[in-house]
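Worksheet for the structure shown next.
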Amino acid sequence: METQQSSKGRDEAREDVDDGEKWVYDSSVDYKGRTPLRAATGAWKASLFIIAIEFGERLSYFGIATSLIIYLTKVMHQDLKTAAKNVNYWSGVTTLMPLLGGFLADAYLGRFSTVLASSVIYLVGLVLLTMSWYVPSLRACDTQVCQEPRRVHEMVFFLAIYLISIGTGGHKPSLESFGADQFDDNHAWERKQKMSYFNWWSSGLCCGLVLGVTVIVYVQDHIGWGAADIILTLAIAFSLVIVIIGRPYYRYRVPTGSPLTPMLQVLVAAIAKRNLPFPSNPAQLYEVPESQKTHGRLLAHTKKLKFLDKAAIVEGEEVSAEKSSSWRLATVTKVEEMKLLLNMIPIWLATLPFGICVAQASTFFIKQGTTLDRNVNGFSLPPASIYSLSAIGMIVSVIIFDKIAVPILRKTRGNERGIKILQRIGIGMLFSIATMVVAALVERKRLKVVEKDLAKGSLSMSVFWLAPQFIIIGIGDSFTLVGLQEYFYDQVPDSMRSLGIAFYLSVIGAANFISSLLIIVIDHVTEKSGQSWFGKDLNSSRLDKFYWLLAAITAANLWVYVYLAKQYSYKSVQKSTVAVADCYERDEEAGIRPMA
């Protein structure tokens, strides 16, 4: 009898495994609202569509972003300081807008709908940008050599690029998180593939960047800005078609309302119960059974930020969940989600200096290229094309890390990721310091060349002197930027993953604004002492001193970051009665292995 029962139990377990292999039970649905069939949806068959869409969007974005400072100084005749500030403001808005787009995607619209709507807005911006070149009344001026652009052209131009900002604000966080949603965290193979997804996502992004700063910039320089805008418009239109074609293959997450409301409820409940004593056993804190969980995953209790645990203390009249208010009693999972967000704030702040270093690559680094010899075997290399070396450095680094380093580290360290996410981010910060040091040395070399021949300036110096700083920062991006994407996707609550990607983008956005503020402050201070570090042109500026300052700030900040990373507790997810670390970083400490 016992043998028959044991055999029956094994058969039922096997059926559950087979059922889990056939269907995806992670709260996602297919395009008809049904439980997704694993073989027909998601994973690489869906994410390749999404990476292709990102390739088109990045081609357009970088075709505009890397040449924007050239456009402002060459066509609109803005001085270096004004142009750099305008680029930083636009970049800042573009990378902060995803906070709104990510929130709307998670709470109300859904990620797919947000991608679709934002792609249309993006397309409208590019059409308007194209019209500013071909519609006679909207052109910069009627003459071939334009001394001062028309006011209407400036208005249409800035309206167009800020529409592109709005489109990017919905497109970027929703698309990247939508791609990661195609992999099931509860399935061993798909979970490992998700770890590679962020690497290959970044590689696709860099391929779009390379074409954007080579082919598109070449067309801008040698054919015309209007012709380049037509190509970018067609690229986004094609991406929109791909979005629609891939629809049957995607897995979708149903929006569950504002993810910020539960966070506020936890805070209110914790304050209301601040005088209650903690239970002797954390297991006495309130949590819904696994069978009643409708969205996301249950999180394990952690000891940090203990004050918030009071929100999950069950009082006498709250024995039944139906009799309790969400503003008075919160689950352990909701409390832990609040802790996750609070734990992210110091990490977010500590990554800002890295973002400030990255901001220089699309402004001052490219502007430096305009003052150097760009002739390569009779071909004049567009200044922004040197930016492609950063993308190439990132692509090569990502491939080496994903295909060589990670498999070795998995075997030697017993960690599915190879190294912890925050360790990966920290390694990239070291490269950002090296970038600023090299950039300072190269700029000082350039200024010495200018001093020797004021008439010719630095045109005798090859543009490839800038290659090391671009390659180094590209390698740094492969660690820090990819690491930040993983960190802010994985460590936010499951209901906030688009917003999580927006948090990553906001690092770069806030850093662009801080970079602009630094320029203003340093310009004001140094001008009083005799000579501003930011003159009317590069030859009258001292960017080398600015780069040394950024290197010092980033190095000092790295010590703070290392301390924060050592203290950090990663998300811990409950599965049945076993708690496992979502990032598999705590496995070694707790002796817990991730379940398939």
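The values are calculated or read from the model by the stated rules, or taken from the named source; none is laboratory data. Bear in mind that the values here come from a model prediction, so they are computed numbers and not experimental data. Here the Cβ positions follow ideal geometry from the backbone for every residue, glycine too, while neighbour counts run over all protein chains shown. These accessible areas exclude ligands, DNA and RNA; they are computed on the full protein's heavy atoms, side chains included. Shrake-Rupley method; radii C 1.70, N 1.55, O 1.52, S 1.80 Å.
Couple of notes before you dig in:
- Residues within region 510-531 that are open to solvent by less than 20 Å² (accessible area, probe 1.4 Å) and within 27 Å of the chain's Cα centre (by Cα), tallied: 6
- Residue identified as closer than 26 Å to LYS74 by Cα and under 21 Å from the mean Cα position of the chain (by Cα) among ILE223, ILE161, ILE216, ILE230: ILE161
- Selection status of THR256, farther than 24 Å from ALA105 by Cβ and either in contact with a helix residue (DSSP H, G or I) (Cβ under 6 Å, 6 or more places away or on another chain) or crowded, with 19+ Cβ neighbours inside 10 Å (or both): no
- Breaking point among (1) of a type in the set (A, V, I, L, M, F, W, C); (2) part of a loop (DSSP other than H, G, I, E, B); (3) surrounded by 16 or more Cβ atoms within 10 Å (Cβ to Cβ), for ILE164: (2)
- Remark: pairs (first residue in region 532-559, open to solvent by 60 Å² or more (accessible area, probe 1.4 Å); second residue not in a helix (DSSP H, G or I); Cβ separation under 7 Å; 6+ apart in sequence or on different chains) = LYS536/ASP79; ASN539/GLY457; LYS545/TRP533.
- When restricted to residues that are modelled with pLDDT under 85 and either farther than 22 Å from ARG444 by Cα or touching a Lys or Arg at 6+ places or on another chain (Cβ under 8 Å) (or both), region 537-557 contains 1.
- Within region 414-432, tally of residues that are open to solvent by 20 Å² or more (accessible area, probe 1.4 Å) and either assigned to a helix (DSSP H, G or I) or aliphatic (A, V, I, L, M) (or both): 5
- Boolean, GLY378 is touching a helix residue (DSSP H, G or I) at 6+ places or on another chain (Cβ under 7 Å) and either farther than 16 Å from LEU481 by Cα or open to solvent by less than 40 Å² (accessible area, probe 1.4 Å) (or both): no
- Contact annotation: residue pairs with Cβ atoms under 6 Å, 6 or more positions apart or on different chains, pairing a residue in region 181-210 that is within 19 Å of PHE112 (Cβ to Cβ) with a partner that is open to solvent by 10 Å² or more (accessible area, probe 1.4 Å) and aromatic (Phe, Trp, Tyr), are GLY204/PHE55.
- Candidates ARG251, ARG297, filtered to the one that is touching a strand residue (DSSP E or B) at 6+ places or on another chain (Cβ under 6 Å), open to solvent by less than 80 Å² (accessible area, probe 1.4 Å), of a type in the set (D, E, K, R) and at pLDDT below 85: ARG297
- Restricting VAL135, VAL152 to those that are more than 29 Å from the chain's Cα centre (by Cα), surrounded by fewer than 19 Cβ atoms within 10 Å (Cβ to Cβ) and without any contact (Cβ under 8 Å) to a residue 12 or more places away in the chain reduces the list to VAL135.
- Whenever a residue of region 54-77 is in contact (Cβ under 8 Å) with a residue 24 or more places away in the chain, its partners that are buried (at least 24 other Cβ atoms within 10 Å of the Cβ) and acidic (Asp, Glu), lying with C-beta atoms within less than 9 angstrom and at least six residues away or across chains, give the pairs GLU54/GLU176; GLY63/ASP229; ILE64/ASP229.
- Residues that are assigned to a loop (DSSP other than H, G, I, E, B) and either buried (at least 19 other Cβ atoms within 10 Å of the Cβ) or in contact with a strand residue (DSSP E or B) (Cβ under 7 Å, 6 or more places away or on another chain) (or both), drawn from region 560-572: TYR570, LYS571
- Helices (runs of 4 or more DSSP H) contained in region 46-157 and holding at least 3 residues farther than 23 Å from TRP201 by Cβ: 80-96, 111-134
- Considering residues of region 341-363 that are open to solvent by less than 10 Å² (accessible area, probe 1.4 Å) and touching a Ser or Thr at 6+ places or on another chain (Cβ under 9 Å) only, the residue nearest to GLY474 (Cα to Cα): ALA361
- Look at region 505-530: where a residue is farther than 27 Å from VAL482 by Cβ and a partner is of a type outside the set (Phe, Trp, Tyr) and surrounded by 17 or more Cβ atoms within 10 Å (Cβ to Cβ), sitting 6+ places away or on another chain with Cβ atoms under 7 Å, you get ILE519/LYS81; ILE519/ALA84; ILE519/LYS85; ASP523/LYS81; ASP523/SER532; THR526/SER532.
- LEU499 being open to solvent by less than 40 Å² (accessible area, probe 1.4 Å), under 30 Å from VAL335 (Cβ atoms), hydrophobic (A, V, I, L, M, F, W, C) and modelled with pLDDT of 90 or more: no
- Single residue of VAL507, VAL492 found to be modelled with pLDDT under 85 and open to solvent by less than 10 Å² (accessible area, probe 1.4 Å): VAL492
- From PHE278, PHE238, residue being aromatic (Phe, Trp, Tyr) and modelled with pLDDT of 85 or more: PHE238
- Among residues that are among the polar types (S, T, N, Q), assigned to a helix (DSSP H, G or I), farther than 29 Å from SER27 by Cα and at pLDDT 80 or above, SER177 is not included.
- Among the residues making up region 195-209, none is open to solvent by 10 Å² or more (accessible area, probe 1.4 Å) and at pLDDT 80 or above.
- When residues of region 439-457 are limited to those that are surrounded by 13 or more Cβ atoms within 10 Å (Cβ to Cβ) and among the basic types (Lys, Arg), the one nearest to LEU543 (Cα to Cα): ARG444
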